[in-house]
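Comments concern the structure below.
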Amino acid sequence: MNHSVLDVLMYLFETFSEQEEHHEGTDHSVLRQELLKAGFREREVDRALTWLDDLGQDPDRPFPTAPAAHSVRIYNGIELSRISAECRGYLLYLEQNGILSSLQREIVIERLMALDAGEIDIEQIKWVTLMVLFSQAEQQGAFARMEDLVFEENTGLVN
């Protein structure tokens with residue numbers, strides 16, 4: 001079976017987000033073994049665990065100063081080649097609706113680029129945004145709103 005890093009991350013999120021003992025301080029070797037038993041390849045498991053470690057770092061780490069509210073995001077050439085206009089619009093939608101702050105938008109973009117998965121789609125944005133918000137304890141409200149967007153829109157039902 002060929003899985004991506006995001007598949008591993010989604011599996012981890014769906015499997016362990018409800019379990020408090022796996023939320024903080026879980027031994028990576030235990031997680032790694034559980035993921036390998038679930039059928040994921042070593043390379044993707046190791047990359048996913050590294051991705052999670054990087055997410056857990058200081059949220060201001062990649063940004064010396066937080067973007068100002070209502071700032072305009074200019075995407076560089078590499079980002080433009082991987083994040084379509086539709087996806088950039090979705091990120092703007094999340095920010096304008098108060099789900100993401102400008103700093104969180106930057107973290108989401110940085111984490112999306114770290115997936116190194118080629119062209120990014122809206123489903124990837126939804127899941128990465130959910131994981132970023134989950135990692136920030138003070139963001140329960142935004143997390144709940146994003147969780148609704150992720151799971152309601154995946155039902156296949158048309159309103």
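The values are calculated or read from the model by the stated rules, or taken from the named source; none is laboratory data. All figures in this text were calculated on a predicted structure; none of them were measured in a lab. Every residue, glycine as well, gets a Cβ built from its backbone with ideal geometry; the counts of neighbours run over all protein chains shown.
The residues of region 31-48 that are part of a helix (DSSP H, G or I) and farther than 13 Å from Phe13 by Cβ, listed by number, are Arg32, Gln33, Glu34, Leu36, Lys37, Glu42, Arg43, Glu44, Val45, Asp46, Arg47. Set side by side, the residues Glu119, Glu95 differ, and just one is exposed (fewer than 12 other Cβ atoms within 10 Å of the Cβ) and among the charged types (D, E, K, R), which is Glu119. Can you find a residue that is on the phi < 0 side of the Ramachandran plot, modelled with pLDDT under 95, part of a loop (DSSP other than H, G, I, E, B) and buried (at least 16 other Cβ atoms within 10 Å of the Cβ) anywhere in region 138-149? There is no residue in region 138-149 that is on the phi < 0 side of the Ramachandran plot, modelled with pLDDT under 95, part of a loop (DSSP other than H, G, I, E, B) and buried (at least 16 other Cβ atoms within 10 Å of the Cβ).
Among the residues of region 5-30, the ones that are at pLDDT 65 or above and either part of a loop (DSSP other than H, G, I, E, B) or closer than 24 Å to Ile125 by Cβ (or both) come to 15 in all.
All of Ile83, Ile74, Ile99, Ile107 fail the test of being under 19 Å from Asp54 (Cα atoms) and not assigned by TED's automatic domain parsing to the domain that holds Leu49, apart from Ile107.
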